[in-house]
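Please read the structure below before turning to the comments.
The values are calculated or read from the model by the stated rules, or taken from the named source; none is laboratory data. As the structure is a prediction and not an experimental result, all values here were calculated from the model. Ideal geometry is used to build each Cβ from the backbone, glycine not excepted, and the neighbour counts take in all protein chains shown. Accessible surface areas use protein heavy atoms only, side chains included; no ligands, DNA or RNA. Shrake-Rupley method; radii C 1.70, N 1.55, O 1.52, S 1.80 Å.
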Amino acid sequence: ETGVTQSPTHLIKTRGQQVTLRCSSQSGHNTVSWYQQALGQGPQFIFQYYREEENGRGNFPPRFSGLQFPNYSSELNVNALELDDSALYLCASRPDRALGNEQFFGPGTRLTVL
Amino acid sequence: LAKTTQPISMDSYEGQEVNITCSHNNIATNDYITWYQQFPSQGPRFIIQGYKTKVTNEVASLFIPADRKSSTLSLPRVSLSDTAVYYCLVGGYNKLIFGAGTRLAVHP
C-alpha cells in the first residue's frame, strides 16, 4: 500500500476536449510528480510540484498544466486533447526526507482519446 | 542528466538468480542509482537504491563498482511473479528520466 491514489481509473474523451486527472498523496509528501506512459514505453516526466509550486518540467507543451493543493492532493489538466495523449497517467509522491529518487507511484489513470 | 542503458529483455527460470546490469557513464557525483519494478497497468514500484558499493534489502541486492559507471540489480531465486519491467534511473531529482527498461520474463 503506497498511499497514493488516483482518480478516475479510466477515462474516455474525444479529441479537442479537456480533462482533469486527480491524485492524492500521503501526508508529509510535499513533492508530487506526474508522468505519461504510452503503451510499451517507460514513463515520461511531465512536471513536478513542491509545496504548490512547479519546480521541474519535462518536454510537454503548455496545454499540460498542473496544480498542487495544501491537502496533499494535486491535479493534471490537459487541454485540447489529441489522439497521442492516450496513455496511462501516473502521479508519484516523494517523502520530504527521501534521498535520491525514491518515489511512491499511484495506480494511474488510463486515458483514451477518440 | 545521466542517461542509462540496460538490456531490452531477459529470460530466466523459476529459482534462478537474475542479474540486470545498467550502464550510466555520465553519472554525477551526487546522483543516486535507483531501480523500479513495474507490472502491466500498474505504477512503478521502488525496489532498491544505492550510492556506492553494495546495498541489500528483503527483495534485491544492488552492486555498484567504485567508478559508479554501472550498476547491477540482483534478484535471488526469482519466481513467476517477478515477471515485470525493471527500470534503472540515476540523478534527476526534479526531472526523473525513465528509459525503456528491461522486460524480465520468468518461466516455469
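What about A:Val4, is it open to solvent by less than 40 Å² (accessible area, probe 1.4 Å), in contact with a strand residue (DSSP E or B) (Cβ under 6 Å, 6 or more places away or on another chain) and away from chain B (no Cβ under 11 Å)? Spelling it out, it is not the case that A:Val4 is open to solvent by less than 40 Å² (accessible area, probe 1.4 Å), in contact with a strand residue (DSSP E or B) (Cβ under 6 Å, 6 or more places away or on another chain) and away from chain B (no Cβ under 11 Å).
Scoring B:Thr83 on the criteria (1) polar (S, T, N, Q); (2) more than 11 Å from the chain's Cα centre (by Cα); (3) surrounded by 13 or more Cβ atoms within 10 Å (Cβ to Cβ); (4) within 12 Å of chain A (Cβ to nearest Cβ) leaves a single failure, condition (4). Screening B:Leu73 against (1) open to solvent by 70 Å² or more (accessible area, probe 1.4 Å); (2) part of a strand (DSSP E or B) leaves a single unmet condition, (1).
Just to check your reading of the model, which residue among B:Pro40, B:Pro7 is modelled with pLDDT of 95 or more and part of a loop (DSSP other than H, G, I, E, B)?
On the way: B:Pro40 fails: modelled with pLDDT of 95 or more.
Going through B:Pro40, B:Pro7 in turn, just one is modelled with pLDDT of 95 or more and part of a loop (DSSP other than H, G, I, E, B): B:Pro7.
Among the strands (runs of 3 or more DSSP E) lying completely within segment A:21-61, list those that include at least 1 residues that are open to solvent by 70 Å² or more (accessible area, probe 1.4 Å) and at pLDDT 90 or above. Even if it seems obvious, please write down each step before you answer.
Numbers: elements: A:31-37, A:44-50, A:53-57.
Here the list reads A:44-50, A:53-57.
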